[in-house]
Amino acid sequence: YSLTLFAEAGRELMEAGNVEAAKHNLKRIGQTALQALKEMRLLVYELRPTALEQGGLIGALRERLNAVEGRVNVKARLITEDLVDLPAPVEESLYRIAQEALNNILKHAAAHSVTVYLRNTDDQVELEIVDDGAGFTLEEALQQGGMGLKNMRDRAEKRGGSVTIQSRPDQVTRINVRISANGQQ
């Protein structure tokens, strides 16, 4: 709907000879279309839950990074270290947390790169997501009423884990998740 409004306004501005204002509308059309494309890819990707079943956690994360972040020019890396087989509920929780964090990065951070680390530490598995986007203050993010951060924490706590977020405006953001590797609380 926004695209049609911008396009119609741009056409009217061109007919009136106001080229600069029409250029502004064309720029807004491009920005809006890109955002719509990002959100559409997220929706389509979320409809494919079989990625986790077929490729496990690493395969599903790799597929997500290639299918979504890779197609919107966000440099995405997955680095894994010393992973053991994880119970399906743990893999699903970690995947959903990563998915939520990555969705937030695409929607809000304007990041150029994101790195996802997955490693075992003692009897826990650690998921760390680092992006070079705009950053935020945790207080502001919580006040805006979004459910993303709360959902990540709830999923981790359900598995006896925790989420730590380090972020400031215009600085690297780190989301660190630790969950019991055996799925116990």
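The values are calculated or read from the model by the stated rules, or taken from the named source; none is laboratory data. Note that this is a predicted model, so its numbers are computed, not measured. To get the accessible areas, we keep the full protein, side chains included, count just its heavy atoms, and leave off ligands, DNA and RNA. Shrake-Rupley method; radii C 1.70, N 1.55, O 1.52, S 1.80 Å.
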Cα-only radius of gyration and Dmax that characterise the range 46-185, units Å: 14.2, 38
Lys pairs, the chain - Cα-Cα below 22 angstrom, 8 or more residues apart or on other chains: 7
Length added when fully stretched, Asp170-Thr80, from 0.36 nm per residue minus Cα-Cα: 29.7 nm
Choice from Met40, Met152, Met14 with maximal GNM fluctuation in the chain (Cα, 10 Å cutoff): Met14
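Pop out the Kirkwood hydrodynamic radius of the range 8-114 from its pairwise C-alpha distances, inverse of mean 1/r, in Å to one decimal.
Details: mean 1/r = 0.0623 Å⁻¹.
Taking every pair of different Cα atoms in the range 8-114, averaging 1/r and inverting gives 16.1 Å.
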Nearest 10 degrees, 0 to 90: helix 148-158 Cα axis against the chain principal axis: 10 degrees
Val163 accessible area, assembled protein chains, probe 1.4 Å, Å²: 20 Å²
Average accessible surface area per residue within the chain, 1.4 Å rolling probe, Å²: 58 Å²
